[in-house]
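The values are calculated or read from the model by the stated rules, or taken from the named source; none is laboratory data. Computed from a prediction, not measured in an experiment: that's the story for all the values here. Heads up, the Cβs are rebuilt from the backbone with ideal geometry, glycines too, and the neighbour counts pull from every protein chain shown.
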Amino acid sequence: MAVIESHGLTRRFGDLVAVDRLTLTVEAGEVFGFLGHNGAGKTTTVRLLNGVLAPSSGRARVLGLDPLADGPTLRRRTGVLTETPSLDERLTARENLTLYADLYGVPRAQVAQRVEELLATFELTERADEPVGGYSRGMKQRLALARALLHQPDLLFLDEPTAGLDPVAARRVRQLIARLSREGGRTVFLCTHNLAEAQELCDRVAVLEHGRLLALGTPAELARRLVHSLRLEIEVAPEGVPVALEVLHAALGRADLAHDAGRITVQGAERERVPELVTALAGAGVRIYRVVPQEPSLEDVYFALHGEVGT
Ligand code: ATP
């Protein structure tokens, strides 16, 4: 079932087209990555899909509703974590959540339990009664994520949820996001420019540039479609390295070759040529122990899309 459907969704600000004829579908239960440089139009899209901004043209349906006409009903069923969530720093985590539970219309009788559960899930129970002003960035981000879940939304929009966090805090937030989708069955629309994060979390990704959709698919599909060369690691008997390098150089021309003891790395080999390379090496008497093609990452896809060479 489609949770988000957009057709030709467009938003202009004066002469600038922030979102340009965006057509996509997000299925129930998936973690959908929305990737793009700063200013690509990610936040504007989230605002359009939540009905807080009107499209210039095109249309969208979110959870079966028209975001603009049914905004309040829709927003009771979506949770949004903005790029810079504002928390009341004078209040404690428990007070912040209780206050927002009321604003989100959580039934009074359920508030205390819901708040308790979220504090526990987001590992904030121990410091729940301290003012938020004294929290680390990671704790504030976890609290903001907890707040976005108070009303148990079916669809969660996360805008750069790990931006500015240290690697440990970022990993904890990523683990929580994975759990929300796996155990909670929620659909997550994740805006990020962190490609490793998207690779780890997302079932499918869309790449946006200047408001336009450049590519859409699973990371593996995009890699197959867009990245035609891969990195190859070849392990040979150390005395065979000079011959192996000669053979590879003759076969691949300008391909990037590096070696360390018996391990040779080839950058930019085409998948189709791997069997031929192995045959040539064996034919030259090189004893081959291992040939490991490294599958291209989302980062390689991203650079391929932008016409640059990945690392
Ligand atoms: P970031 O990763 O930096 O958050 P983004 O992909 O979320 O970027 P948007 O915030 O959607 O990008 O912005 C897309 C473009 O639209 C930018 O050029 C931005 O300056 C412009 N824009 C966004 N909101 C407005 C507005 N209210 N008025 C004028 N221009 C706007």
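The set of residues from the stretch 77-106 being surrounded by 15 or more Cβ atoms within 10 Å (Cβ to Cβ) and within 16 Å of the ligand (Cβ to nearest atom) comprises Val80, Leu81, Thr82, Pro85. When you scan the stretch 122-133, do you find a residue that is without any contact (Cβ under 8 Å) to a residue 40 or more places away in the chain, assigned to a loop (DSSP other than H, G, I, E, B) and within 16 Å of the ligand (Cβ to nearest atom), even just one? There is no residue in the stretch 122-133 that is without any contact (Cβ under 8 Å) to a residue 40 or more places away in the chain, assigned to a loop (DSSP other than H, G, I, E, B) and within 16 Å of the ligand (Cβ to nearest atom). Among the numbered conditions (1) under 18 Å from the mean Cα position of the chain (by Cα); (2) modelled with pLDDT under 90; (3) under 17 Å from Leu91 (Cα atoms), the only one that Arg142 does not meet is (2).
Return the residue satisfying two criteria in turn: it lies in the stretch 33-47 and is within 6 Å of the ligand (Cβ to nearest atom) and part of a loop (DSSP other than H, G, I, E, B), and of such residues it is surrounded by the fewest Cβ atoms within 10 Å (Cβ to Cβ).
Filtering the stretch 33-47 for residues within 6 Å of the ligand (Cβ to nearest atom) gives 36, 38-44.
From the residues that got through so far, the ones that are part of a loop (DSSP other than H, G, I, E, B) too are 36, 38-41.
Working: Gly36: 22, Asn38: 8, Gly39: 13, Ala40: 22, Gly41: 25.
Of everything passing the filter in the stretch 33-47, Asn38 is surrounded by the fewest Cβ atoms within 10 Å (Cβ to Cβ).
The single condition among (1) touching a Gly at 6+ places or on another chain (Cβ under 9 Å); (2) more than 29 Å from His193 (Cα to Cα) that Ala109 does not meet is (1). Considering (1) in contact with a Leu (Cβ under 9 Å, 6 or more places away or on another chain); (2) closer than 30 Å to Leu143 by Cβ, the lone condition that Thr92 does not fulfil carries the number (1). In the stretch 8-41, how many residues are farther than 23 Å from Gly184 by Cβ and either touching a Gly at 6+ places or on another chain (Cβ under 6 Å) or among the β-branched types (Val, Ile, Thr) (or both)? Of the residues in the stretch 8-41, 10 are farther than 23 Å from Gly184 by Cβ and either touching a Gly at 6+ places or on another chain (Cβ under 6 Å) or among the β-branched types (Val, Ile, Thr) (or both).
When residues in the stretch 185-243 are screened for being in a helix (DSSP H, G or I), acidic (Asp, Glu) and within 16 Å of the ligand (Cβ to nearest atom), 1 of them pass. Scanning the stretch 48-59 for residues that are over 19 Å from the mean Cα position of the chain (by Cα) and either within 10 Å of the ligand (Cβ to nearest atom) or not in a loop (DSSP other than H, G, I, E, B) (or both) yields Leu48, Leu53, Ser57, Gly58, Arg59. Being closer than 20 Å to Leu305 by Cβ and within 15 Å of the ligand (Cβ to nearest atom) is the filter here; which residues of the stretch 7-23 pass it? Within the stretch 7-23, Val17, Ala18, Val19, Asp20, Arg21, Leu22 qualify.
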